[in-house]
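None of the figures in this text is laboratory data; all of them are computed from the coordinates on show. Keep in mind that what you see is a predicted model, and the values were worked out from it rather than measured. Here the Cβ positions follow ideal geometry from the backbone for every residue, glycine too, while neighbour counts run over all protein chains shown.
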Amino acid sequence: MGLGIAQRAGVPEIVGRLLAARGIGVEQAADFLDPTLRALLPDPSRLTDMDAAAERLADAAQRGETVGVFGDYDVDGAASAALMTTLLRALGCPVVTHVPDRMTEGYGPNAPALRGLVAHGARLIVCVDCGTAAADALAALEGQAEAIVLDHHMAEGPPPPIRATVNPNRLDDASGCGLMCAAAVAFLTAVATVRCLRRRGFFAARAEPDLMALLDLVALATVCDVMPLTGVNRALVAQGLKVMARRARPGIAALLAVAQKNGVPTAMTCGFALGPRINAAGRIAEADLGLRLLLCADPTEAAALAERLDAVNRQRQEVEATILDAAFREAGAQAEAGRAALVVGGAGWHPGVVGIVAGRIKEKFNRPSCVAGIADGVAKGSGRSVPGIDLGAAVIAARQAGLLATGGGHAMAAGFSLPASGLAAFAAFLDERLAAAASLPAAADLVVEGALAVSGATAELAAQVGRLAPFGAGNEEPIFVLRHARVVRADRVGREGTVIRSFIEGEGGGPRLKAMLFRARDGALAERLMGRDGVPLHLAGQLRLEEWNGTTSVGFAIVDAAAV
């Protein structure tokens, strides 16, 4: 089948085979390899309440109303808030923003913060990446301001009684856009609003805002919120990365510089360089620091903000390291006991990093995992799931069953709080609700898509494989096995020495290939690479083009190894 796709789509056979493995047929191949918004962006009006939201935002633009934007402290929340703030200001609206503090306010709208926006003149408040379950808090606005919610979190009942709730995951939405992040929903809202204003003749005397320039924010949020990179998400990220490469947004340009990412940004750049730094502020520092960076128009100020975020991220890594070993030990004991879901908690564990730790546990044990920090008798935590296991629905069910004080999320991630004394009951509930996870292997299966000799790992092949980018959830980067590879030299590099850089060659010598192992702490794989014993190995990993000082070369990112 791969050969047939290759012949009809006019691509190399390896690309055809990789497309076939992803279930992409001849008819879809062109849009997959060249994803465009023209072909894949849905009509915004398909989303329930979208037209009502666009009309109200258009009214605000025509009246020059002050609008409050209420965001969230993660990347999707910051990007969504930055997108809506940028749009509204371009349309002539004064905008005031608020990002809740994770520790003192928690997730989502709260009455004091909403009243604070009203006190600053807001007569319309737009909640982004939150608000679907905030009917009680939004009721505080009655008679003072109207509200619009732009969200993507799972709904469990009717939307709040406000002007509009645009959420492809509300129960009465049939748009089929439920796998979009909030920033993508905000972008569709921007498209709908500009379309509405165009019909009203609003742009007869002023320029339309450049909506395409907002796509760097959408790409960043889509990747960092682990949305599947298929369909319209693929187009949003592919086009957004092109915008990001121009470095026209001072905040993102500064953060790329601080992260020492000088080449063309990729989805991996978003997920591993930009996202953690923006998230760090909401976890352990000033909640709105990421939003301020994304909105910053002055390169000098942006550079200073990016440096602060980088420092906060290093601090976050230190805080995370203090609890990781204990969390791993507790989770490991539960995994050995055959638990379907792993639930761990500890006194003094910082609530701002428990989500990251949950992600690490999920990766290590291939189980949905929840981690909670306990203080003053209250456990506050976050969870991360594996593909096919809907953790958000389980957490919502636990709250409905009276086990949680708060709880919600989506399939791959969730947040919750409860009395610490109830952790065992919550764990038992998840274990029963997510019983299907108990049959998962102890480690996620490594899907290998081809085997190569070291000499076959060329830049030309890497370029062909790269045609399937952007890679991420729903479109994993292909893994190849390099057969009979010998490690010629290896050393530890990086600030913490957690990266092993090695040079490998094939059985008969020949050209050497640089191979990198990231997160290379102590372990059998690290020991084998550092052994320098010349024993041949089969190395599994990803083949990538690398750019450095204007030169392009091929590299290999190691994910596993086996003795020959």
Treating the angle as unsigned and between 0 and 90°, give the value, to the nearest 10°, between the Cα long axis of helix 299-336 and the longest Cα principal axis of the chain.
70 degrees
Give the span of segment 61-171's Cα atoms along each principal axis, as three whole-Å numbers ordered largest to smallest.
36, 31, 29
Where does the Debye-calculated log10 I(q)/I(0) of segment 470-564 sit at q = 0.17 Å⁻¹, using only Cα point scatterers of equal weight, no solvent?
-0.75
Of 375, 52, 531, which is farthest on the positive side of the dipole of the chain, counting Cα position, with +1 on Lys and Arg Cβ, -1 on Asp and Glu Cβ, and the Cα centre as origin?
531
Residue exposure sequence - 194, 26 - by fewest surrounding Cβ within 10 Å
26, 194
Please list, or write none, the lysines whose alpha carbon is within less than 28 Å of the alpha carbon of residue 242, excluding same-chain residues fewer than 8 places away.
261, 514
Going fewest to most other Cβ atoms within 10 Å around each Cβ, 152, 538, 350 line up as 538, 350, 152
Can you compute the label reach from residue 31? Point 7 Å from Cα along the Cβ direction, backbone N cut-off under 19 Å, restricted to segment 166-200.
174-181, 184-185, 188
Arrange 349, 548 by Cβ neighbour counts within 10 Å, fewest through most, would you?
548, 349
So, in nm, how far is label residue 206 from label residue 103 when the simple model puts each one 7 Å beyond its Cα toward the Cβ?
4.1 nm
Using the Karplus curve 6.51 cos²θ - 1.76 cosθ + 1.60 with θ = phi - 60°, work out ³J(HN,Hα) for each residue of segment 400-415 in order, rounded to whole Hz, and write x for Gly and Pro.
5, 7, x, 7, 10, 6, 9, x, x, x, 9, 4, 9, 8, 7, x
Run the paramagnetic zone check for residue 363: 7 angstrom along Cα to Cβ, then residues of segment 255-280 with backbone nitrogen under 18 Å.
266-280
Once the Cβ-Cβ distance between residue 62 and residue 248 is put in as r, and R0 is 22 Å, what FRET efficiency do you end up with, to the nearest 0.05?
0.20
How high is the FRET efficiency from residue 333 to residue 448, r the C-beta distance, R0 51 Å, rounded to 0.05?
0.95
